[in-house]
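Enquirer: Before I ask anything, let me first share the structure, which is written out below as structure tokens.
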Amino acid sequence: MRTAFLRYMFIVAFLILWIGVIGARLVHLQITQADWLRSQAESNQKTEHKSKMLRGTIFDSTGRVLAMSVRANSLFADPKMIEDAEDVAKKLGKVLKIDSRELAAQLRDGRENGRRFVWIARKLDEETFRAVNKAFADDPEKQSSNVAHPGLGWRKEQKREYPYGQLASHVIGFSNADDKGQAGIELSQEDVLKGEIVKKIRQRDRLGRVYDETGAEREPPKDIYLTINHSIQFKTEEALAAGVKAANAKSGKAIVLDPKTGEILAMANYPTFDPNEYSSVDPDNWRNRAVQDNFSPGSVMKMVTYGAALETGRIEPDAFVNCGDGRLTVGGYTFSDSHAIGSVSYTKAFAQSSNVGAIRTAQKLGQDDFYEYVRKFGFGKKTGIELPAEADGLLSGPDRWGGMTLASMSIGYEIGVTSLQTAVAFATIANDGVKVQPHILKEIRQSDGKPVSAVKPITERVVSEQTARELRRMLREVVLNGTAKQAQLHGYSSAGKTGTAWKYDPQLGRINREKYISSFVGFAPANDPRVVIAITIDEPRGGLRYGGQVAAPVFKQIAQQVLPELKVLRDGTVPENVPLFDDPSDAPVFAVTESEAPVREEEKAVEDAPEQKKADDAENGRKPEKQLKKESDPEKTAARRPKEKALSEKDKT
Amino acid sequence: MRKKKFTKPSVPRVRRQKEPLPWKFCLATILCAAFVAAGFFFAAQQHFYSMDYGIENSRLRSQIEDLKSRNRRLKLKKEVALSPYEIKQAAMKLGLRGTTVHNLQPLGELQESMLAAVDEHDAEEAAPVRTVIRQDEKPKTPAAAVVAEKPRVVKTVKTAPSKASEPSDAKEKESAKSTRSRIIDEAARR
């Protein structure tokens, strides 16, 4: 009986002990080791997957893709797991077309130093991706998404592609290997375009298959629509490149602007670069000179001088100004015209680009009023365009002006401007005196196409409609009878102003009379302008160097192609070189009766002359000998007088 | 002494009368058990289904990503093919020339030649326009009147201001060139 009882108790004690041990173990596992066990379980079951959303796309105004990101595969290696480094390097070298010995050395070095991650090739295209997989596959016929070799793997990245290559490269900019914008819109709109990093938790079964995925939703990056029109941009770039090459110039820039909306239709720089291969280009070429570089505008600035004087009622277009013998001494410096034009109307003085006429106009205006209008036209401050590193321009206040500053500034010296600022100033006149803030960003849209925001430019009246109209007429005269005859268009009226300025040479410490910046800023049609085009050619080194010679033809080529594309109706200007009448006497009084010699022939004739004379005569190449003496450009007369005191830009700016 | 025999009074064994299990109870138990078991099976099935769906979902999701990625690459290729520089290169290979000021046929010339063609084939169509010209311009010189008959003049006349023949400046009278600019000025004022 007792034995039975003891047995019974023994069993009970054993059971209690057993349960106690199990309980204790459970307590140990679930309380003291709970966190560690949980993390172990999660690491076996869950994996964290990080991916970067694709960067936003940049479109032109017509919806064509200018920049887009695509998924790309990058090959990496874990050197510790690669034992046959030579063999792997040999295979990879063949497919990736890289030095296999260098790669083998890299893998060996990584293995010796215990490194577990080495990039082999980044952002490979689909074909190369498949070729690498095929090179290591057991069955070459079978397509695989992995490299069948221990220690080699793929990582998904994104690659920025610019399908149009160099088209608008200075506007779009580029992003680096880490998908961060480095220039242009890519840089200025980094916050809009950048893709957020998305973390996702993936749960896997015992076979490694993902059966659940959780993660916080992130807003995808937005797309940007620019005001650039790819077709106009292309034509502008082509014309600019041709113009720079023809002038044997150092560089050039061109802007095509819609004066009514302030939209930049094209912005080109030459030399240019392909953002797909930005690293292979001189970084100096990355700079968007049209908004980042200051230059002396030269006679282009006279538009502001006359515009301000007209607006304040100091001059009348048909009133007379005495330009005397073409020389005027102000502040100890003698400013000169190429020839004495005597007493002429302001319109003619403007058309002939008379320095004396412009200075007398500025003197009538006075320092304060002149400065006020220079500022009103947008000089000396950023335009506010959505591009990085825009230059303010160089403009000092009247309190810091010297004795000849007003005179110098009225003819475009002692002031630094950007091409965009000149384009905006002329757009103000083209838009009946209302300045519209230029912009290159048209719209921001969500990835599904829904508009997020549209740019609304700021407008400001600078001069009255009447003044703008009168100034347009004066600018028209420049093209018809002044220094910009090569800006005349077939079938469209055009207006504008040439400018040629000496460049400041830092080595000389003063302006260099051998180096010029030639420009032409104009618009068309003259009466109801639809486009403003600003052309600047830097250091033309050929025989031709004046704005009317090297920049105006570029304007013509662009305008001639852009206006029909914008469906602008011809305003009936008779083409210069296309006689409508076989016999001029048949022509009605309002039609063109005289026929001018073709421009090409004149240039050819100029080439035969000695170099100095060639450059001087080229401006007036179409005119007879008698006219040459009367109407030569004042800019070149100054160039003929090297003994005269040089205008030092250092002092001025 | 007679030994008294003590006998335990026999207690009649009371047997509890077992009642047979009620069939309803059995049935309910069986049903509940079956329900619970079925629930377990159902839950297990659902779990495995959800696993399968999850796996399938994940596969489809990655497939969508791949297709989207391929779609983008194709879009990109399309854009590359549409690139003006690519088109230019292709055109050059075909022997076409680039457009410059010098080889660009002006719209004016094109329209003039078209108008000339119209004149040859259908002069009547151009006639109403000529009528309008005469009314507007009233050309004073016979030569101008003769020219106005030509449909090619239409383009010039249509756009020239009506006050074109009124001289505004003595100097401008001297040259036709100045006259032209004055006409345009007049047009600008209007």
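Enquirer: Looking at (1) under 22 Å from A:ASN229 (Cα atoms); (2) within 8 Å of chain A (Cβ to nearest Cβ), which is the one condition that is false for B:GLN89?
Expert: Going through (1) under 22 Å from A:ASN229 (Cα atoms); (2) within 8 Å of chain A (Cβ to nearest Cβ) one by one, B:GLN89 breaks only (2).
Enquirer: For region A:370-391, name all the residues that are more than 30 Å from A:ILE444 (Cα to Cα) and buried (at least 17 other Cβ atoms within 10 Å of the Cβ).
Expert: Result: A:PHE370, A:TYR371, A:TYR373, A:VAL374.
Enquirer: Another one. Among all residue pairs at least 6 apart or on different chains, which show Cβ distances below 8 Å where the first residue, located in region A:477-491, is on the phi > 0 side of the Ramachandran plot and the second is buried (at least 24 other Cβ atoms within 10 Å of the Cβ)?
Expert: Taking only residues 6 or more apart or on different chains, the pairs are A:GLY491/A:THR573.
Enquirer: Still on this model: Pull out all pairs, ordered by first then second residue, where Cβ-Cβ is under 9 Å, the residues are six or more apart or on different chains, the first lies in region A:453-474 and is over 16 Å from A:PRO259 (Cα atoms), and the second is β-branched (Val, Ile, Thr).
Expert: A:SER453/A:ILE444; A:ALA454/A:ILE444; A:THR467/A:ILE429; A:GLU470/A:THR347; A:ARG473/A:THR347; A:ARG473/B:ILE184; A:MET474/A:THR347
Enquirer: Test A:LEU193 against the stated conditions and say whether it is in the same structural domain as A:ASP293 (by TED's automatic domain parsing) and within 18 Å of the chain's Cα centre (by Cα).
Expert: Considered against the rule, which asks whether it is in the same structural domain as A:ASP293 (by TED's automatic domain parsing) and within 18 Å of the chain's Cα centre (by Cα), A:LEU193 comes out as no.
Let's see how each residue does on (1) within 14 Å of chain B (Cβ to nearest Cβ); (2) under 27 Å from A:GLU414 (Cα atoms); (3) touching a Ser or Thr at 6+ places or on another chain (Cβ under 9 Å):
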{"position": "A:ASN481", "(1), (2), (3)": "yes, no, yes"}
{"position": "A:LYS485", "(1), (2), (3)": "yes, no, no"}
{"position": "A:HIS490", "(1), (2), (3)": "yes, no, yes"}
{"position": "A:TYR504", "(1), (2), (3)": "no, yes, yes"}
{"position": "A:GLY509", "(1), (2), (3)": "no, yes, yes"}
{"position": "A:GLU514", "(1), (2), (3)": "no, yes, no"}
{"position": "A:GLY522", "(1), (2), (3)": "no, yes, yes"}
{"position": "A:PRO540", "(1), (2), (3)": "no, yes, yes"}
{"position": "A:GLY548", "(1), (2), (3)": "no, yes, yes"}
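Enquirer: Okay, next question. Scanning region A:524-538 for residues that are within 14 Å of chain B (Cβ to nearest Cβ) and more than 18 Å from A:ASN269 (Cβ to Cβ), which turns out surrounded by the most Cβ atoms within 10 Å (Cβ to Cβ)?
Expert: A:ALA524
Enquirer: For A:GLY307, only one of the following conditions fails: (1) within 30 Å of A:LYS250 (Cβ to Cβ); (2) within 30 Å of the chain's Cα centre (by Cα). What is its number?
Expert: Unmet for A:GLY307, out of (1) within 30 Å of A:LYS250 (Cβ to Cβ); (2) within 30 Å of the chain's Cα centre (by Cα): (1).
Enquirer: Return the only residue of A:VAL281, A:VAL304, A:VAL244 being over 20 Å from A:GLY393 (Cα atoms) and either touching a Pro at 6+ places or on another chain (Cβ under 6 Å) or surrounded by 24 or more Cβ atoms within 10 Å (Cβ to Cβ) (or both).
Expert: A:VAL244
Enquirer: Any residue that is in a helix (DSSP H, G or I) and either more than 30 Å from A:GLY208 (Cβ to Cβ) or not basic (Lys, Arg) (or both) - is there at least one of those in region B:17-24?
Expert: yes
Enquirer: Pick from A:PRO457, A:PRO540, A:PRO451, A:PRO553: which is more than 30 Å from A:GLU311 (Cβ to Cβ) and out of contact with any Lys or Arg (no Cβ under 9 Å at 6 or more places or on another chain)?
Expert: Every option except A:PRO553 fails the conditions.
Every residue, every condition in (1) within 30 Å of A:PRO529 (Cα to Cα); (2) within 11 Å of another protein chain (Cβ to nearest Cβ); (3) among the basic types (Lys, Arg); (4) surrounded by fewer than 24 Cβ atoms within 10 Å (Cβ to Cβ), yes or no:
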| position | (1), (2), (3), (4) |
| --- | --- |
| A:ALA183 | no, no, no, no |
| A:GLN189 | no, no, no, yes |
| A:VAL198 | no, no, no, yes |
| A:ARG204 | no, yes, yes, yes |
| A:ARG218 | no, no, yes, yes |
| A:ALA239 | yes, yes, no, no |
| A:GLU263 | yes, no, no, yes |
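Enquirer: Now for a separate question. Exactly one condition in (1) in contact with a strand residue (DSSP E or B) (Cβ under 8 Å, 6 or more places away or on another chain); (2) within 14 Å of chain B (Cβ to nearest Cβ); (3) among the polar types (S, T, N, Q) is not met by A:GLN466; state its number.
Expert: (1)
Enquirer: Does region A:104-124 hold any residues that are touching a strand residue (DSSP E or B) at 6+ places or on another chain (Cβ under 7 Å) and either under 30 Å from B:ARG73 (Cβ atoms) or surrounded by fewer than 14 Cβ atoms within 10 Å (Cβ to Cβ) (or both), and which are they?
Expert: A:GLN106, A:PHE117, A:VAL118, A:TRP119, A:ILE120, A:ALA121, A:ARG122, A:LYS123, A:LEU124
Enquirer: Filter region A:244-262 down to the residues that are out of contact with any Asp or Glu (no Cβ under 6 Å at 6 or more places or on another chain) and not in a strand (DSSP E or B) and list them by number.
Expert: A:VAL244, A:LYS245, A:ALA246, A:ALA247, A:ASN248, A:ASP258, A:PRO259, A:LYS260, A:THR261, A:GLY262 - these are the residues of region A:244-262 that are out of contact with any Asp or Glu (no Cβ under 6 Å at 6 or more places or on another chain) and not in a strand (DSSP E or B).
The values are calculated or read from the model by the stated rules, or taken from the named source; none is laboratory data. Note that the coordinates shown come from a computational prediction; the quantities given were computed from them, not determined experimentally. Virtual Cβ from ideal backbone geometry, glycine too; neighbours counted across all protein chains shown.
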